[in-house]
Amino acid sequence: MNDPLVIAGKAYHSRLLVGTGKYKDFAETREAIDASGAAIVTVAIRRTNIGQNPGEPNLLDVLPPEKFTILPNTAGCYTADDAVRTLRLARELLDGHALVKLEVLGDPKNLFPNMPETLKAAETLVKDGFDVMVYCADDPIQAKMLEDIGCCAIMPLASLIGSGMGIINPWNLRLIIDNAKVPVLVDAGVGTASDAAIAMELGCDGVLMNTAIAAAGRPVLMASAMRKAVEAGREAFLAGRMPRKFYSADPSSPTQGLIGS
Amino acid sequence: MIQVILNGQPESLQPDLSVLALLEARGLVGKRLAVERNGEIVPKARHAEVKLADGDRLEIVVAVGGG
């Protein structure tokens, strides 16, 4: 089925976006990402070693930007200024690449976003020509504000980052999805394949995850499971589920022609 | 010698050193990285011409695994 995810005018073949953190090594990172089928992969921006460790392998040698769309994030930033600086460095690092993931955190314990700083950073970045995919609270009002600022994708959490608690806010996600004219992706909280399928069945345009794959017992196998779950959930959403009939069964087999009748 | 802060650490460097010369000295030339000097990006095309000055704050970053 030809059903691309379109973000900022560009079509991507996969609705599963994956992070590159927490893997055992770069070989496992690459194997898991290949199994996930993801086209967009997130990376963090950090200080390099300044000569102490020459010949250290570079993540972008394992995930060449010619093959993957690299989505630099602002993980670990607690102010709009730090997030904007980080993404300007990322744009320089990636030769002018505009697509970025903005996240401004508010609390190191729960990693909930600081929404006032997120809104401030989004304004600056959009004005500066970035295509901003934004991690945000599951608040339909602030999600709309981010869309009005010009963010190209809204990415509410489904539960806390790295918690694997799954989709604990389906009603809020639906409110955000129903309000939005840009893609809505669940970013954070997915723990296993059924969570990803539920997100997609709710009408999310995509799912972004990292820990659910990297912290699985067998990350490469979980990456494959997530690929199928996102595809299955998307197809179920497009197909339209049957209505729920509470307290009333309806047999699938004919009630007539039973032997002995 | 000039004093700079390089990735948060104080360093003494030769005067009149360019960004490119610093990267060469640290074995970082040709790597996918980005340089910020006093809060402003130093584009790759300008690494050879931009000279470091006493008191500069430099950040040299790369992409690493993250979600």
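The values are calculated or read from the model by the stated rules, or taken from the named source; none is laboratory data. Here the structure is a predicted model, which is why all the values come from computation and not from measurement. Here the Cβ is made from the backbone with ideal geometry for all residues, glycine too, and neighbour counts use every protein chain on show. Surface accessibility is based on the protein's heavy atoms, side chains included, excluding ligands, DNA and RNA. Shrake-Rupley method; radii C 1.70, N 1.55, O 1.52, S 1.80 Å.
Worth a mention:
- Matching entry among A:Ala232, A:Ala212, A:Ala197 (being open to solvent by 50 Å² or more (accessible area, probe 1.4 Å) and of a type in the set (Gly, Ala, Ser)): A:Ala232
- Contact map, the range A:235-261: first residue within 30 Å of A:Gly206 (Cα to Cα), second residue surrounded by 10 or more Cβ atoms within 10 Å (Cβ to Cβ) and acidic (Asp, Glu), Cβ cut-off under 8 Å, separation 6 or more or different chains; pairs are A:Ala236/A:Glu201; A:Phe237/A:Glu201; A:Leu238/A:Asp3; A:Arg241/A:Glu201.
- Residues satisfying the stated conditions in the range A:59-74, i.e. open to solvent by 10 Å² or more (accessible area, probe 1.4 Å), hydrophobic (A, V, I, L, M, F, W, C) and either touching a residue at least 40 places away in the same chain (Cβ under 8 Å) or assigned to a helix (DSSP H, G or I) (or both): A:Val62
- Residue match in the range A:100-109 (condition: surrounded by fewer than 24 Cβ atoms within 10 Å (Cβ to Cβ), in contact with a Lys or Arg (Cβ under 8 Å, 6 or more places away or on another chain) and touching a residue at least 24 places away in the same chain (Cβ under 8 Å)): no
- Screening the candidates A:Ala216, A:Ala249 for the property of being at pLDDT below 95, farther than 19 Å from A:Ala75 by Cα and out of contact with any strand residue (DSSP E or B) (no Cβ under 8 Å at 6 or more places or on another chain) yields one hit, A:Ala249.
- Unique residue being at positive phi and of a type outside the set (Asp, Glu) when the list is A:Gly9, A:Gly106: A:Gly9
- Only a single criterion out of (1) part of a loop (DSSP other than H, G, I, E, B); (2) at pLDDT 95 or above is not satisfied by B:Pro10, namely (1).
- Residue, surrounded by the fewest Cβ atoms within 10 Å (Cβ to Cβ), within the range B:42-67, restricted to residues that are aliphatic (A, V, I, L, M) and facing chain A (nearest Cβ under 7 Å): B:Val64
- Filter result (of a type in the set (A, V, I, L, M) and open to solvent by 60 Å² or more (accessible area, probe 1.4 Å)) within the range A:12-39: A:Ala27
- Among the residues making up the range B:16-41, those that are more than 8 Å from chain A (Cβ to nearest Cβ) and open to solvent by less than 70 Å² (accessible area, probe 1.4 Å) are B:Leu17, B:Ser18, B:Val19, B:Leu20, B:Ala21, B:Leu22, B:Leu23, B:Arg37.
- Note on the range A:235-248: residues that are of a type in the set (A, V, I, L, M) and either touching a Pro at 6+ places or on another chain (Cβ under 8 Å) or open to solvent by 90 Å² or more (accessible area, probe 1.4 Å) (or both) total 1.
- Only residues that are touching a residue at least 24 places away in the same chain (Cβ under 8 Å), open to solvent by less than 50 Å² (accessible area, probe 1.4 Å) and touching a helix residue (DSSP H, G or I) at 6+ places or on another chain (Cβ under 8 Å) were counted across the range A:75-99, and they come to 7.
- Counted as qualifying within the range A:170-261 are the helices (runs of 4 or more DSSP H) with 2 or more residues that are under 20 Å from A:Ile154 (Cα atoms) and among the polar types (S, T, N, Q), namely A:170-179.
- Of residues in the range A:78-96 being part of a helix (DSSP H, G or I) and acidic (Asp, Glu), the one farthest from the other protein chains (Cβ to nearest Cβ): A:Asp82
To keep it simple, each residue is scored yes or no on (1) hydrophobic (A, V, I, L, M, F, W, C); (2) surrounded by fewer than 19 Cβ atoms within 10 Å (Cβ to Cβ).
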| position | (1), (2) |
| --- | --- |
| A:Leu125 | yes, no |
| A:Asp138 | no, no |
| A:Ile141 | yes, yes |
| A:Lys144 | no, yes |
| A:Ser163 | no, yes |
| A:Leu173 | yes, no |
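- Within the range A:28-49, the set of residues being touching a strand residue (DSSP E or B) at 6+ places or on another chain (Cβ under 6 Å) and assigned to a loop (DSSP other than H, G, I, E, B) comprises A:Ala38, A:Ala39, A:Thr48.
- Residue count for the range A:40-56 satisfying the condition of being of a type outside the set (A, V, I, L, M, F, W, C), more than 24 Å from A:Thr211 (Cα to Cα) and at the interface with chain B (Cβ under 7 Å from one of its Cβ atoms): 2.
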